[in-house]
Amino acid sequence: MSARITKDRVMTMRYRFFLAALVALAGLMPLQQTTLADEAPKAERIVIGTTASLTGRYAEFGREQLQGIQMWVDSINARGALLGRKVKLLHYDDQSKPETSARLYERLITQDGVDLLLGPYASDLNMAASSVAEKHQFPMIATGGAADSIWQRGYANVFGTETPTSAYMDLVLAFAKEKGLQRVALIYANNDFPREVAKWVRTDAAALGLEIVFDEEYDQGSTRFGELIKRMGAADPEVIIAGSYLEDSLAFTRQAKAAGLAPKMLAFTVGPGLRGFGDALGPDAEGVIGIVQWMRSAHLPKAQDFAYRYKRKHGYNAGPHAASGYAAGQVLEAAVRLVGSLDNDKVREQYRTLKGRSVLGHYRVDETGKQVGKPGYVMQWQDGQRRLILPLDLAERPVEYPFRP
């Protein structure tokens, strides 16, 4: 009997070891898009590498950006090919961690041998990924990065498609000045992108003669703002600007309204542009302002077509991060078609000199690779919908002013 028990235990241990090995192996396998290109020999396909935040703090944004890239891949393969070859997208989950993204870009370049690169979501991840691309002299589109610091390191291989942080709040502050407002409260998460937005808000507010009456950083991921709101209220701000993401913008809005905080304008960077903001807040979202990289109502090329196809595929409206992913693919496609090659040096030079339009708007970079051709867009929740309000020449509705808590 004891021999039988011993044999069963050995078999059980072997089985468990086998399962553990499978799980470990699965953790190393890329979560990648399956397309017709997967079946083609390497000489007959073009492999594009990226990482996506499918888990972690950026998961909602990263997933939407990836869906935009995947939609572009589907489109180009349906239209035929790129340089006569099918396109394959190879991507890994970077878990919303810069160090993980950097390690995976190293793998994409040195082990997977990808032909072209698209950047991840978020400025801090693009900072890490672009350092790897620079080391290997491999040109990369910074798909979801807007922090100016990405382009202040003297790198030659990172190119932006989004409005940089230095221009993020221009239209909001100019509108506040036009309305005669003076007192601005500024809060921001302790991360690269929000910190840079805050830096430029200080600079632009001073240039416009506005006073920063409250200025405070908070931990990214924080959802408790009661004490901060109390101190902010004592400063009596007319305008509140927050460098935020989704969960913190939701929490701040709820708690500010509960506390009776009553600014004339309430503006966030990222949160309000997502459909989840309105879904979560309902009527409490009314009047809240957000900065977005894209709106389908902004009279941008093929915006309505992109929005229609995205909703048909996913069952809900495209957000700005999906458009950023799709636009990055468009820029990559334009550059490769123009040079007729995958040569890194030729593609890099084309990214640098290219002038054109994507679903995001104009593409034109300066000598550092920073995007200078595209303005930002300001939206506001009105009647349960995201409405484009600035710039005025593109607005679908006037600004609802003042903000009513």
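Every Cα-Cα pair in the chain was counted, and those over 40 Å apart are 21% of them.
Taking Cα atoms only, the orientation of helix 123-135 departs from the longest principal axis of the chain by about 50 degrees.
Against the chain, whose longest principal axis is taken from its Cα atoms, helix 59-79 shows a tilt of about 60°.
When its C-alpha radius of gyration is set against 2.2 N^0.38 Å (N residues), segment 200-332 gives a value of 1.21.
Report the net charge of residues surrounding ASP124, where surrounding means a beta-carbon distance below 14 angstrom and charges are Lys +1, Arg +1, Asp -1, Glu -1.
Working: positive: ARG57, LYS97, ARG153, ARG195; negative: ASP94, GLU99, ASP148, ASP192, GLU196.
Result for the neighbourhood of ASP124: -1.
Average projection, convex hull of the Cα set of segment 109-266: 10.2 square nanometres. Helical runs assigned H by DSSP (4 residues or longer) give the chain a calculated mean residue ellipticity at 222 nm of -13500 deg cm²/dmol, each run adding -39500 (n - 2.57) before division by the residue total.
Once both axes come from the Cα atoms, what is the angle between helix 192-208 and the longest principal axis of the chain, in degrees from 0 to 90, rounded to 10? So the inclination is approximately 20 degrees. Pairwise Cα distances in segment 261-332 exceed 20 Å for 37 percent of all pairs. Between ARG337 and ALA258, the modelled labels are 5.2 nm apart [label points 7 Å from Cα along Cα→Cβ].
Placing a label point 7 Å from the Cα of ALA174 along the Cα-to-Cβ line, the residues of segment 199-222 whose backbone N sits under 20 Å from it are 199-211. Among LYS355, LYS302, a tally of other beta-carbon atoms within 10 Å of each Cβ gives an order, fewest to most, of LYS355, LYS302.
Every number here is computed from the coordinates shown, using simple stated rules; none is lab data. The shown structure was predicted, so the numbers you read here are calculated from the model rather than taken from an experiment. Cβ sites come from the backbone with ideal geometry, for glycine too, and all protein chains shown count toward neighbours.
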